[in-house]
Amino acid sequence: MTSRTELSIIIPAYNCEAWIDDCLASVLGEMTDRRELILVDDGSTDSTPAILSSYVHQYKNIHVLFCSHKGASGARNAGLRAATGEYVAFVDCDDRLKQGFLAKATPLLHEHADLCIFGIERVWLNGTREDWTVRSRFFAAASDFADAYIREGRMMIYSNCNKFYRNDLIRRAGIVFEEGIDFGEDRLFNYRYLRECSSIICSEHIMLEYVQRKADSMSGRHVPGYFHTVMALHQAKTDCFLAMSKGTREEERLRFAAKDAAGEISRTLERFTDHPEEIAENLPLVENMIFGDQAPPSRNWYQNSMERARVLREYADTLCNQKERNL
């Protein structure tokens, strides 16, 4: 009798001939008969398809799918359709699974939680490394997780590549990655998934090395419509957590939403240093949101870090006060 596949690892791949072997080597060292690896070529035009094909002949639990180019969301959706594991994990083709991670983490699957969240080691372009971690704990109800996130934050909710998801929950709820958007598809997937969860595990184990291979990541390239996009993601996030939370006070909920909005505004303004071409599009939107019909404190207020921080603190306080008056 063949034992059931406990974990499907999905790796979307697009024009990654320079580092896909490195990525796969980090995963293959921990493969067992109860784990499957699904490689999805997203219409690559380099030697990536040939490289992926070469692995199929060497390992019985590797499957390769070849798709027309639809972006990471389309490739992940194709991988999900093919996955047979009880749980699903994602690894990007330019990252590396942390050595020994699966041996440490897969016992958590026996807890039968709907979601497992792990840490990430960020490897920057200059070689600097930084651990982004979560505190190990078990949440018997998703509402408890939402309460904790609203009060504390820092629970690594954005990425898809530091989590184990229940495959049957994804299929039952019909959750897919939204295709055709520039970024944020991972967050939207997670917000939809969280709404379907019961128990959630956070673990301090580091799942992968999140490697910056080149400078044209989201932070390193111009993103048209950036402010509109991040504020839509902010709305999706607050809608998700405020709907899930059952134990937070109204003051905590208001502060959470206001702080998150101010954070997205701050990150928008910080981008102007490297992307001055985004000022003309986004600064008027930011100033209208913060100041309304009032004049900003100075023409270049957003360039002074202390002034910017003061303005955003006052904006968050104003949001809270306005909403409290409307209760």
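The values are calculated or read from the model by the stated rules, or taken from the named source; none is laboratory data. On a predicted model such as this, the values are computed, not experimentally measured, just so you know. FYI the Cβ positions are ideal-geometry reconstructions off the backbone, even for glycines, and counts take in every protein chain you see.
Table: residues versus (1) hydrophobic (A, V, I, L, M, F, W, C); (2) surrounded by fewer than 14 Cβ atoms within 10 Å (Cβ to Cβ); (3) at pLDDT below 95; (4) out of contact with any helix residue (DSSP H, G or I) (no Cβ under 9 Å at 6 or more places or on another chain).
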residue: Ile200; (1), (2), (3), (4): yes, no, no, no
residue: His205; (1), (2), (3), (4): no, no, no, no
residue: Ala215; (1), (2), (3), (4): yes, yes, yes, yes
residue: Pro224; (1), (2), (3), (4): no, yes, yes, no
residue: His234; (1), (2), (3), (4): no, no, no, no
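When segment 29-60 is examined, which residues are found to be buried (at least 16 other Cβ atoms within 10 Å of the Cβ) and under 19 Å from Thr5 (Cα atoms)?
Those that are buried (at least 16 other Cβ atoms within 10 Å of the Cβ) and under 19 Å from Thr5 (Cα atoms): Glu30, Met31, Arg34, Arg35, Glu36, Leu37, Ile38, Leu39, Val40.
Within segment 33-71, which residues are touching a residue at least 12 places away in the same chain (Cβ under 8 Å) and of a type in the set (Val, Ile, Thr)?
Of everything in segment 33-71, those that are touching a residue at least 12 places away in the same chain (Cβ under 8 Å) and of a type in the set (Val, Ile, Thr) turn out to be Ile38, Val40, Thr45, Thr48, Ile51, Ile62, Val64.
Listed residues Glu314, Glu209; which is in the same structural domain as Ser26 (by TED's automatic domain parsing) and either free of Cβ contacts under 8 Å to residues at least 24 places away in the same chain or closer than 30 Å to Trp19 by Cα (or both)?
Going through Glu314, Glu209 in turn, the sole match is Glu209.
Can you tell me which residue in segment 268-291 is surrounded by the most Cβ atoms within 10 Å (Cβ to Cβ), limited to those that are under 15 Å from Ala309 (Cα atoms) and out of contact with any helix residue (DSSP H, G or I) (no Cβ under 7 Å at 6 or more places or on another chain)?
Glu287
Would it be correct to say that Thr248 is of a type in the set (S, T, N, Q) and surrounded by fewer than 19 Cβ atoms within 10 Å (Cβ to Cβ)?
Here the answer is no, as Thr248 does not meet what is asked.
Show the residue pairs meeting these rules: Cβ distance below 9 Å; 6+ apart or different chains; first residue within segment 284-303 and in contact (Cβ under 8 Å) with a residue 12 or more places away in the chain; second residue part of a loop (DSSP other than H, G, I, E, B).
Filtered contacts from segment 284-303: Ile290/Pro296; Tyr302/Pro296.
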